[in-house]
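Structure, as structure tokens:
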Amino acid sequence: MKVIEAILNRRSVRKYLNKAVEEDKICEILESAMAAPSAVNKQPWEFYVVKNPEVQDKLRESTPYTNFNSPLIIIVAGNKERFLPDEKEGFWVQDCSAAAQNILISAASLELGTCWCGLYPKAEAVRAVRDILSLSEEIIPLALIHIGYPESELDARTQYNEDYVHIIE
């Protein structure tokens, strides 16, 4: 699949088949995530691959917007120990978001569905996920990503809007 096809095929999936995601696909998704760019190549990310059904159930209930039946959840988080110093600290959000986007696109290329559920900057959601996974204060959960085989196929689409394009010549 061409990259543009994967991008246009990527849709937020909220209903999944009860079918496990294969280990080789999980590895490919994580490899894609870690290929994301990061400021000064700090790679401030951590990835928590959650397969345990009991832990998944707790995560699904951690915020009002994360209760989907995917067989796999990946938490993308930032590790403060690898943040840039001072006013550049906030670049971790961009770095981890780029990694999350790579997860979505690579999963789409593998015919998997995903749904990115934001955690950070919602303090309550960050705290809930941190507690469920027993994460230290150095780890900041950014996103909860559901991954699995979609229950139904969604059509590819473009959301291109020329009104949002400004060409400066």
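The values are calculated or read from the model by the stated rules, or taken from the named source; none is laboratory data. Treat the numbers as computed from the prediction; the structure is a model and nothing was measured. FYI the Cβ positions are ideal-geometry reconstructions off the backbone, even for glycines, and counts take in every protein chain you see. Just so you know, the surface numbers come from the protein's heavy atoms only, side chains and all, with ligands and any DNA or RNA stripped out. Shrake-Rupley method; radii C 1.70, N 1.55, O 1.52, S 1.80 Å.
Brief remarks follow.
- Hits in the range 48-61 (condition: free of Cβ contacts under 8 Å to residues at least 60 places away in the same chain and open to solvent by 40 Å² or more (accessible area, probe 1.4 Å)): 49, 51, 52, 53, 54, 57, 61
Here's the yes/no breakdown for (1) of a type in the set (A, V, I, L, M); (2) closer than 18 Å to residue 15 by Cα; (3) touching an Asp or Glu at 6+ places or on another chain (Cβ under 7 Å):
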{"residue": "46", "(1), (2), (3)": "no, no, no"}
{"residue": "66", "(1), (2), (3)": "no, yes, no"}
{"residue": "84", "(1), (2), (3)": "yes, no, no"}
{"residue": "87", "(1), (2), (3)": "no, no, no"}
{"residue": "107", "(1), (2), (3)": "yes, yes, no"}
{"residue": "136", "(1), (2), (3)": "no, no, no"}
{"residue": "160", "(1), (2), (3)": "no, no, no"}
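- Verdict on residue 40 being more than 22 Å from residue 6 (Cβ to Cβ), surrounded by fewer than 14 Cβ atoms within 10 Å (Cβ to Cβ) and of a type in the set (Val, Ile, Thr): yes
- Residues of the range 138-156 classified as assigned to a loop (DSSP other than H, G, I, E, B) and either open to solvent by 100 Å² or more (accessible area, probe 1.4 Å) or closer than 29 Å to residue 122 by Cα (or both), total: 5
- Of all residues in the range 115-169, those that are closer than 24 Å to residue 49 by Cβ and among the β-branched types (Val, Ile, Thr) total 7.
- When the range 1-31 is filtered for residues that are among the hydrophobic types (A, V, I, L, M, F, W, C) and not in a helix (DSSP H, G or I), the ones remaining, listed by number, are 1, 13, 17, 20, 21.
- In the range 72-95, residue nearest to residue 152 (Cα to Cα) [restricted to those that are touching a residue at least 60 places away in the same chain (Cβ under 8 Å) and crowded, with 18+ Cβ neighbours inside 10 Å]: 72
- With respect to the conditions (1) farther than 18 Å from residue 149 by Cβ; (2) touching a helix residue (DSSP H, G or I) at 6+ places or on another chain (Cβ under 6 Å); (3) not aliphatic (A, V, I, L, M), residue 9 falls short on a single one, namely (1).
- Check on residue 103, out of contact with any Pro (no Cβ under 8 Å at 6 or more places or on another chain), within 19 Å of residue 148 (Cα to Cα), surrounded by 20 or more Cβ atoms within 10 Å (Cβ to Cβ) and among the β-branched types (Val, Ile, Thr): yes
- Flag for residue 109 being in contact with a Gly (Cβ under 6 Å, 6 or more places away or on another chain) and among the polar types (S, T, N, Q): no
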